[in-house]
Every structure is written in C-alpha cells, then in structure tokens.
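Novice: I am attaching a structure below and will ask some questions about it afterwards.
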Amino acid sequence: MDPQAFFDSLPSHIPRPQGILQPAEARQKADPLRRELFDSWYRLKSIVLAHEEAIQKRWKKRTGIKRKQLLQEVSPSLPAEHAPEISALNEIQRSWKRNVFLFPYLNLEDLSINNGTQCKSSHVFAKFDLTLPYYLELILGLLHARAHYHPSAFAWFDCDVLSIGIVSGGITRYHGMDCTMVSFGDESTYGRVLEYNEPLDTTDQNSPSGSDLEFTLRESMSFGDGLVVLEAESKLMAFLLAAVSKILCDLDLSNPTPAPPLPPPIIPNINPSMQWQSSARLNALQPYGPPPVFSIDNIHAMIEAQYQLAIQHLADLRSEPIYFAETLQAYYDHRFDSIQGKTPPSLIQSRAVSLMLSDAYTFFAYYHVGRAAIEDFRPVLMQYPDGPPRACNLPADYEEALRRLHPILQCLEMHITKVHHQTLCSSSALREGLTIRSVDSNFAKHSISFARKPNDKLYSFLVLLLDQDQTHLWRLPRIFDQLDRLTQNPENHRRISPLIASFLTHWGVASDCKSIMEWHRPAVEFNEKPEEGAQKRLQKWVPLLKDIMLGGGPDEQLAGKAFPVTKFVYPKGPKSAAWAEKCGRVDDAFIAFWTAADRILLKKCGKELFVLGNELAPSAFERTDWAAIAAPKVVVRPKAAPDALAPFGGAAQSATGSEKPSLSAKTKVKTRGVAIAEEESATIPPPIEDAEAPDRIPPIPVPPKTLKVFSTLFNAAKDEEVALQQSSVAWKDIQAAFVHVGFELIKSRGSAWTFRHLDGTKSVTVHEPHPEPTMRFWDARRFGRRLTRRFGWTLESFVPESAA
C-alpha cells in the first residue's frame, strides 16, 4: 500500500508525518545529527571531567535570580514553570512549542530553585542526626549524568519523554520506509539507520536484522522516533555546553586536562506526606540523574515494602477494633452507591465490608506472589552476572522467569483500575461534579457523568485517572506529578482522603515496577492479557490466587455484624463497672464479626490464602477481663534496697536497710483494645534474673529517653493517659530509639520506612505518621503489639543503662 495514501486515510486528529523518506534519504537526515551529537558530547565530557568541581562550587554560590539570568542568557525561550508541556497542550499551534515537548525538564523553575533545601536523607548516617542538609541541584545532576554516560544510554528514556508531544501533534516526525534506527552501542552503531532486511553485523550470519532489532529485541526504534531523539539529545548537549561556558567564562576551555571524576551530585527524594507521592517525585527527578535501567533490586524494594504493610494491615484489622472501625468507616464513606440516594443502606454496608475484606486479602496475595516470583528469578539472574548479551535473543529460562512477574503486576493494576475507579468517583474531590444513576434494579450497574470544571485542576486530573485511554496517553507518572503539586495546597490535600491515597499508592507501585521491567534490554514482550498471563505463567500460585481473581458479591450477613462501626470503639474512662461492661460489649462484637467473617472468607479467598493470611498475620485478639481492670487495686510498695534503681529513671531511692526486699511479681491482666498498664512505682527495683532459666534473652540496656519511647509503645503509660487516650510519641524519637538498639533506617516508598537490624536477623516496615510528626495513641499501641508479634519484645526486654 502507498504510505502517503495510508496516512491520508487516517482520521484528521492523527498527526501526519513531516515527510516520507527512503532508506538512503533517511541516512542523509540522520548522519549529520549523529556527528553533531557525538562531537558535542565529547566536548562536554572533557570539560566536565576537568572542571566539574569548579562548576558545582560556582553554581551553588549563585542566588536563584542569578541562576535564572544565566539560564535565560543561554536560552531566552526557556519555559518558566515546571512541566511546561502541560500548558503547551492548550496551544492551538502546538508545533510552535516543539522544544518544550523535546525536553520539558529544561525549565527555569526546576533548574534554578531549591537552593539549600533541607531534605530527609534515605539513610541515617549519624547515630541521632536524622536529617542532613543537601542541595537539591537538579542542573548539576543533569550535567553530570549527560556528560558521564554515552547518549545511547538515554535513548529510550528520551523517547519516552517525547511521547506526549508526538501523540498531541506538538512534535512532527519523518517516516522512514522499511528502515529503523539502532538505539544502543557506541558511535559505530548508535543512531545508525538500518534497513529491515539488513543485518546489524554483516560478518556474523547470526546477527539480527533491522526488523528483528525493532520489533523483537527493541534494540532499535522507528526511524521517526529515533531521528527526534537524536535532535533532542543534540540540542540538549548544545544547551549544557553553553551553560558550562557561561559558568566557566574566565577559564580557557580549548584544551581541558582531565581530573579524577567526581561522584554524582546527591539528589534526595523529599519525604512526602502521602505515600503515592513518592512515585510522582521519583519520576519527576528522573531526568536529572543517571539513565533508568532494569533493576530487580528496585522492584523488590517496592514489592517488599508493600508486602510488609499488607501483612501489617491484615493483622491490625483482625486484632485492633478501633483500626477495624476506622477502616470500615472509610470504605463506607467512599461507596459511590450512596450518591445516587436510592440504594438501600444495608446494601451499601454489605458492599463496604465485603470490599474491605477482599482488598485486605487481595493486596496481601498479589504482593506475596510478586515477592515469590522475584525470588524465583534471582537464581536465574545469577547465571548472568553482567546481564544477558545485547542484541541477542534472551535465554529461554531467563525470559520465562522474568515474564512470571509481569502478570501479577498487571493483576494488581487491573484491580485498582476496575474495582477502585468507583471508589475514586466518590472522593470529596469528585462528588460535587458527579452525576450517577442506577441502570439496573439491583443497583449493581451505574451510569456516571462528570461536570466540566476547567478551573478545578485537581478535579480535572482525577477525572483523567478514570479514563484508561487518557491515562495511557498522558502516562500515569505525569498525572501523579500534577496531583502531587496540586496537593501541596492544604485545601487540595484534604480532598485526597487516606483511602484514595492508599489506592493511588498501589497503582503507583504497579506502574513503577512495570516501567522498570520495560527498561530491560533486550526487551521482554509483555503482550498478554492479565488473566491469560496469570493462567499461563503463575501455575504454581494458582491455588493462592484463583478464588480472589474470580471475585464474589457482597455478603449481607456481615453487614449486621459490622455496622454501626461505633460498636467497635472502646469508651473512655473513668474505669467503672459500667465502663467495663461497655468495653466487654466491644470485645464480644469484634469476636462475633470475625467468627462470621472467617467462615465467609474461607470460601471466598480459598483455603490456601486464608491459612497463609492467618499464619503471616495472626490475630492476637482475646476477650479481656475488663471487670478485673475496673476493680480497685491495692499496690504493695516494698522497701527498696540501697542500690535499687527506678526502672524509668525516677527519683533517688532511700537507703533504709541493707537486706534485699522480698519481691512479689506484679500481677498483670492481659488487655486488648485499650491496653491498660498499672501505675509503676518508682520504688520497685527491676526484676531479678532467674539464673536457671534457659534461653532467656538478656534485656537491652537503653538510655532513659529511649526507654520512655518503648514504654509508650508497649503501653507503660499512666492510667489517666490511657483513660483519655492522649499519650503519643514523636516520630523522630522512635527513629532515634531504633538506631540506638542497632537498627538501620531505610526509606522505602513515600511514608514507608524499613527498620532493619544491622545483623540482618529482623526488620519491620512502618508508616511515618503524617501530617503531624507524632504517632498517636492507637497507632503507638498497635505498633508496639506488632513489635511483640514480630520480635517477641515486651517492655521487660529493655532496661535502663545504669541498671545494666
């Protein structure tokens, strides 16, 4: 078919090529750009290697105004704002903004601000110094990366940046007839135009052809895309050369002498208050660092953090009535059925509780299988320490092991985009502009329409997330980036509820992991549908996944046991007989709900998943004898020995008598829900160790401040604090306490932190509290009980350093 006739037959909104070139004409277009690019890159590299230290010092000394002046002298048309391609989409003549679409990360806002921003580091370098000042110098990161890495290393990243400009018509391309452009290697191969039937290496009979490189191995790109990438990289090198020449205007750059290379500038990720924002910010910083590459370790870090949080979430639902109540209320509030106004309340309640339970086990299962798939891939990866060879077919075992991970990411993403699009519809940001009506008698299908609100940008970008075609064209990281910036406004921040933020986080994790896999070269084809891929590649995990993938409707039996949620909230003090009776009713309601829920979950989740969930996230809930807690207590205060020490750093003790007192162990009543600790006496010495007790773990000596943190986590609070539920602990104090007892603090995703012991024997993942920098009463108690389940710790596991 005539190519010109084909393009003429396309709908009018699809951009036409700038021209149609034969292979010889394509080479004439590409070769001058290649030579220009390589000449500029070698020039930039030699200057940076010789003078990078001077460049960094001089740039950091400049004020924001002087930085902008220099950048505008280099490029007077440089856009002023972050993400200028978003604004350019509103231009009628988008092709006039071609440079904006070529490299949107070149803008005054990103390259000149953030001078000396105080950021949280990814690791704790000093024992108690948890924040370190860094310069968020994006242009220095961009300069270092583009000078030290060959342009071919950025080929696919630059092609991805151009996608929105190409789709929107802001960038027009040439069409090369039956030819492709090589996108890897050095100057002998990168940017080379290759005909489809032409081998890459004429001396090797097994060398792939141009067609194989583009369509099978993805080691080359279409000629039109490749030519635009060469143009973008050539213009970027010219910009960086001009900027460096301005900064080093007093130096002779004609024959620079290389110096030892400097490490790349540190560009930390500022800790966001919502976990999904981590995805947005990592992607926003990506243009200013090294080229993105496939990394199974990066995928594992994301999956592992979410896996630990999924286990924690499931365990807390089954163990903490107040957490259960808060979560269930959030699901109920986000049921979009209630907007229509005619859906029976009992049906809304039933759907809310069923979705909450389904989500808890579904996310747990997906992350469990994803984690297992990564572990299965690692032994295969070890056979290729330098990675598989380029421009060759992947080894069969390697490709199959890597393909197993993709279906689980697809299923995770599908769960969000299908199940929780409706949840997103009922967020506070969308409710006012949403019209909904039921289209069947069972209220199971709905017709949804949105009002047009051009002045409400947050609303507009959330609506984009509900259109899968638009999400594909815009790319999820770009939408997340806009949402992240919009939610810096406190009013907009409040419009993204914690439940919506958690779904965006899951979506961001799936999207980021898939993107990392797509950076793999040679490429792995992932063209299967989620269900097809799961059936074909996840056979060993089918028993774990089959029931949740089939899904199931709500169960009305649970609604009556779950609502109203106030039945799961313990009353505040004073501790009286009436108070004890109310607390007992909370326990009874909680036990009754899970007794009924477990019978249903066993059927809906399948036995294997149900058993695995109970094994990894066991419920520690037991009914408490609240009447005993409410009863008056007689505290016997024995005389202390002269050398007795107050376990919590209390007042000095009198030295009356030389004999040791006879100690009787304090009777502690097991508590659940509102955990009650009896008032500690400053005159009671620490318990005497039983020398004959086998395998007793010696207590950990800690300073008073650290002991106070653990006493709060393990519920050694004053009675009045417990009754009012007002005790809390600062997040920085929790971090410092874990550092003191030998843990390394690793920033995972967004607000997720992993506390990992230096000996590698134990770790725990926890959310940093936000927006307040303190862990509130219930969260602190829940974290303490989680530490007991995970490490076997209690308050008795820690003693004052002076006592040790």
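The values are calculated or read from the model by the stated rules, or taken from the named source; none is laboratory data. Only a predicted model underlies this, so the values are computations on that prediction, with no experimental measurement involved. No Cβ is skipped: glycine too gets one built from the backbone with ideal geometry, and neighbour counts run over all protein chains shown.
Novice: Given the structure, is L282 over 11 Å from the mean Cα position of the chain (by Cα) and not in a loop (DSSP other than H, G, I, E, B)? Walk me through it before giving the result.
Specialist: Values: over 11 Å from the mean Cα position of the chain (by Cα): no; not in a loop (DSSP other than H, G, I, E, B): yes.
When the stated conditions are applied, L282 does not pass them.
Novice: Scan region 338-375 residue by residue and report those that are buried (at least 16 other Cβ atoms within 10 Å of the Cβ) and charged (D, E, K, R).
Specialist: Correct list: R351, D359, R371.
Novice: The conditions are (1) in contact with a helix residue (DSSP H, G or I) (Cβ under 6 Å, 6 or more places away or on another chain); (2) closer than 30 Å to R34 by Cβ; (3) not assigned by TED's automatic domain parsing to the domain that holds A83, and H300 fails exactly one of them. Which is it?
Specialist: H300 satisfies all of (1) in contact with a helix residue (DSSP H, G or I) (Cβ under 6 Å, 6 or more places away or on another chain); (2) closer than 30 Å to R34 by Cβ; (3) not assigned by TED's automatic domain parsing to the domain that holds A83 except (2).
Novice: Among the residues in region 389-397, are any part of a helix (DSSP H, G or I) and either outside the structural domain of P530 (by TED's automatic domain parsing) or touching a Leu at 6+ places or on another chain (Cβ under 8 Å) (or both)? Before the answer, list the steps.
Specialist: Taking region 389-397 as the starting set, the residues that turn out to be part of a helix (DSSP H, G or I) are 396-397.
After this cut, where a residue has to be either outside the structural domain of P530 (by TED's automatic domain parsing) or touching a Leu at 6+ places or on another chain (Cβ under 8 Å) (or both) as well, the list is none.
No, region 389-397 has no match at all.
Novice: Filtering region 54-68 down to residues that are surrounded by fewer than 12 Cβ atoms within 10 Å (Cβ to Cβ) and assigned to a helix (DSSP H, G or I), which residue is modelled with the highest pLDDT?
Specialist: Checked region 54-68; the qualifying residue modelled with the highest pLDDT is K57.
Novice: Residues to consider are Q28, Q18; find the one that is farther than 25 Å from I247 by Cα and loosely packed, with under 14 Cβ neighbours inside 10 Å. Give the derivation first.
Specialist: Numbers: Q18 fails: loosely packed, with under 14 Cβ neighbours inside 10 Å.
Result: Q28 is the single residue among Q28, Q18 that is farther than 25 Å from I247 by Cα and loosely packed, with under 14 Cβ neighbours inside 10 Å.
Novice: OK, next. Specify which of the listed residues (A360, A352) is at pLDDT 90 or above and more than 25 Å from the chain's Cα centre (by Cα).
Specialist: Details: A360 fails: more than 25 Å from the chain's Cα centre (by Cα).
One residue alone meets the criteria, A352.
Novice: Within region 719-737, how many residues are surrounded by fewer than 22 Cβ atoms within 10 Å (Cβ to Cβ) and either touching a Ser or Thr at 6+ places or on another chain (Cβ under 8 Å) or at pLDDT 85 or above (or both)?
Specialist: Residues in region 719-737 being surrounded by fewer than 22 Cβ atoms within 10 Å (Cβ to Cβ) and either touching a Ser or Thr at 6+ places or on another chain (Cβ under 8 Å) or at pLDDT 85 or above (or both): 9 in total.
Novice: Another question about this same structure. Within region 216-226, work out how many residues are surrounded by 15 or more Cβ atoms within 10 Å (Cβ to Cβ) and closer than 23 Å to P395 by Cβ. Write out each step before concluding.
Specialist: The initial filter retains those residues of region 216-226 that are surrounded by 15 or more Cβ atoms within 10 Å (Cβ to Cβ), namely 217-226.
Those left that are additionally closer than 23 Å to P395 by Cβ: 217-220.
Qualifying residue count for the region: 4.
Novice: Sticking with this one: Keeping to region 133-180, report how many residues are closer than 26 Å to V74 by Cβ and among the charged types (D, E, K, R).
Specialist: The total comes to 4.
Novice: Within region 441-454, identify whether any single residue is in contact with a Cys (Cβ under 9 Å, 6 or more places away or on another chain), surrounded by 14 or more Cβ atoms within 10 Å (Cβ to Cβ) and more than 21 Å from A352 (Cβ to Cβ), and answer yes or no.
Specialist: There is at least one residue in region 441-454 that is in contact with a Cys (Cβ under 9 Å, 6 or more places away or on another chain), surrounded by 14 or more Cβ atoms within 10 Å (Cβ to Cβ) and more than 21 Å from A352 (Cβ to Cβ).
Novice: If M274 meets every condition in (1) outside any loop (DSSP other than H, G, I, E, B); (2) touching a Gly at 6+ places or on another chain (Cβ under 7 Å) apart from one, which number is that one?
Specialist: (1)
Novice: Just to confirm my filter: which helices (runs of 4 or more DSSP H) fall fully inside region 472-585 and include at least 1 residues that are within 24 Å of P104 (Cβ to Cβ) and either charged (D, E, K, R) or in contact with a Lys or Arg (Cβ under 9 Å, 6 or more places away or on another chain) (or both)? Don't jump to the end; show me each part of the working.
Specialist: On the way: elements: 476-486, 490-495, 498-518, 530-537, 542-550, 556-562.
Answer list for region 472-585: 476-486, 490-495, 498-518.
Novice: Got a sec? Which of A30, A88, A26 is of a type in the set (G, A, S) and at pLDDT below 95?
Specialist: Working: A30 fails: at pLDDT below 95; A26 fails: at pLDDT below 95.
Answer to the check: A88.
Novice: Sticking with this one: Can we say N455 is modelled with pLDDT under 95, more than 20 Å from the chain's Cα centre (by Cα) and closer than 27 Å to Q277 by Cα? Break it down into steps so the answer makes sense when it comes.
Specialist: Numbers: modelled with pLDDT under 95: yes; more than 20 Å from the chain's Cα centre (by Cα): yes; closer than 27 Å to Q277 by Cα: yes.
For N455, the condition - modelled with pLDDT under 95, more than 20 Å from the chain's Cα centre (by Cα) and closer than 27 Å to Q277 by Cα - is met.
Novice: Further question on the same structure: Would region 147-155 turn up any residue that is farther than 30 Å from L71 by Cα, outside the structural domain of P773 (by TED's automatic domain parsing) and surrounded by fewer than 17 Cβ atoms within 10 Å (Cβ to Cβ)? If you could, list the steps in order and put the result at the bottom.
Specialist: Restricting attention to region 147-155, the residues satisfying the condition of being farther than 30 Å from L71 by Cα are none.
Within region 147-155 (the criterion being farther than 30 Å from L71 by Cα, outside the structural domain of P773 (by TED's automatic domain parsing) and surrounded by fewer than 17 Cβ atoms within 10 Å (Cβ to Cβ)), the answer is no, since none of the residues qualifies.
Novice: Among the listed residues L21, L37, identify the single one that is under 23 Å from R98 (Cβ atoms) and either more than 38 Å from the chain's Cα centre (by Cα) or among the acidic types (D, E) (or both).
Specialist: Values: L37 fails: either more than 38 Å from the chain's Cα centre (by Cα) or among the acidic types (D, E) (or both).
So the residue among L21, L37 that is under 23 Å from R98 (Cβ atoms) and either more than 38 Å from the chain's Cα centre (by Cα) or among the acidic types (D, E) (or both) is L21.
Novice: Also, quick follow-up: Among the residues of region 480-533, which ones are under 19 Å from P292 (Cβ atoms), of a type in the set (A, V, I, L, M) and under 15 Å from the mean Cα position of the chain (by Cα)?
Specialist: V509, A510, I516
Novice: Counting only residues that are surrounded by fewer than 21 Cβ atoms within 10 Å (Cβ to Cβ) and not in a loop (DSSP other than H, G, I, E, B), how many does region 180-205 have?
Specialist: Result for region 180-205: 2.
Novice: When you look at D316, is it of a type outside the set (S, T, Y), farther than 28 Å from A523 by Cβ and surrounded by 22 or more Cβ atoms within 10 Å (Cβ to Cβ), yes or no? Walk me through how you get there before you give the answer.
Specialist: Working: of a type outside the set (S, T, Y): yes; farther than 28 Å from A523 by Cβ: yes; surrounded by 22 or more Cβ atoms within 10 Å (Cβ to Cβ): yes.
Here the answer is yes, as D316 does meet what is asked.
Novice: Do we have any residue at all in region 544-563 that's more than 30 Å from C392 (Cα to Cα), touching an Asp or Glu at 6+ places or on another chain (Cβ under 9 Å) and loosely packed, with under 15 Cβ neighbours inside 10 Å?
Specialist: The answer is no; no qualifying residue exists.
Novice: Hey, another quick one. Being modelled with pLDDT under 95, closer than 28 Å to H148 by Cβ and under 33 Å from the mean Cα position of the chain (by Cα) is true for just one of L217, L240, L236. Which residue is that? Walk me through how you get there before you give the answer.
Specialist: Values: L240 fails: modelled with pLDDT under 95; L236 fails: modelled with pLDDT under 95.
Just a single option satisfies the conditions, and that option is L217.
Novice: Also, quick follow-up: Just to be sure before I move on: is E615 more than 26 Å from D333 (Cβ to Cβ) and free of Cβ contacts under 8 Å to residues at least 40 places away in the same chain in the structure I sent? Spell out the reasoning first.
Specialist: Working: more than 26 Å from D333 (Cβ to Cβ): yes; free of Cβ contacts under 8 Å to residues at least 40 places away in the same chain: yes.
Here the answer is yes, as E615 does meet what is asked.
Novice: Could you figure out which of (1) within 22 Å of L545 (Cα to Cα); (2) at pLDDT 90 or above isn't true of L328?
Specialist: With (1) within 22 Å of L545 (Cα to Cα); (2) at pLDDT 90 or above applied to L328, the lone miss is (1).
Novice: To continue, here is another question. Looking at R431, R403, R335, can you tell me which residue is within 28 Å of W541 (Cβ to Cβ), among the basic types (K, R) and either surrounded by fewer than 22 Cβ atoms within 10 Å (Cβ to Cβ) or in contact (Cβ under 8 Å) with a residue 12 or more places away in the chain (or both)? Give the derivation first.
Specialist: On the way: R431 fails: within 28 Å of W541 (Cβ to Cβ); R335 fails: within 28 Å of W541 (Cβ to Cβ).
From the options R431, R403, R335, the qualifying one is R403.
Novice: List the pairs whose first member sits in region 583-608 and is within 21 Å of P571 (Cβ to Cβ) and in the same structural domain as K546 (by TED's automatic domain parsing), whose second member is in a helix (DSSP H, G or I) and small (G, A, S), and whose Cβ atoms are under 6 Å apart, counting only residues at least 6 apart or on separate chains?
Specialist: Pairs that qualify, where the first residue is within 21 Å of P571 (Cβ to Cβ) and in the same structural domain as K546 (by TED's automatic domain parsing) and the partner is in a helix (DSSP H, G or I) and small (G, A, S), are F593/A562.
Novice: Filter region 288-306 for residues that are buried (at least 22 other Cβ atoms within 10 Å of the Cβ) and either of a type outside the set (G, A, S) or over 19 Å from the mean Cα position of the chain (by Cα) (or both) and give the result. Don't jump to the end; show me each part of the working.
Specialist: Within region 288-306, the subset buried (at least 22 other Cβ atoms within 10 Å of the Cβ) is 288, 299, 302-303, 305-306.
Residues satisfying the conditions are Y288, I299, M302, I303, Q306.
Novice: I need every pair where a residue in region 65-94 that is assigned by TED's automatic domain parsing to the domain that holds I164 has its Cβ under 6 Å from the Cβ of a residue that is assigned to a helix (DSSP H, G or I) and surrounded by fewer than 17 Cβ atoms within 10 Å (Cβ to Cβ), sequence separation at least 6 or different chains.
Specialist: Once the first residue is assigned by TED's automatic domain parsing to the domain that holds I164 and sits in region 65-94, its partners that are assigned to a helix (DSSP H, G or I) and surrounded by fewer than 17 Cβ atoms within 10 Å (Cβ to Cβ) give L70/K246; V74/A242; E81/E109; H82/E109.
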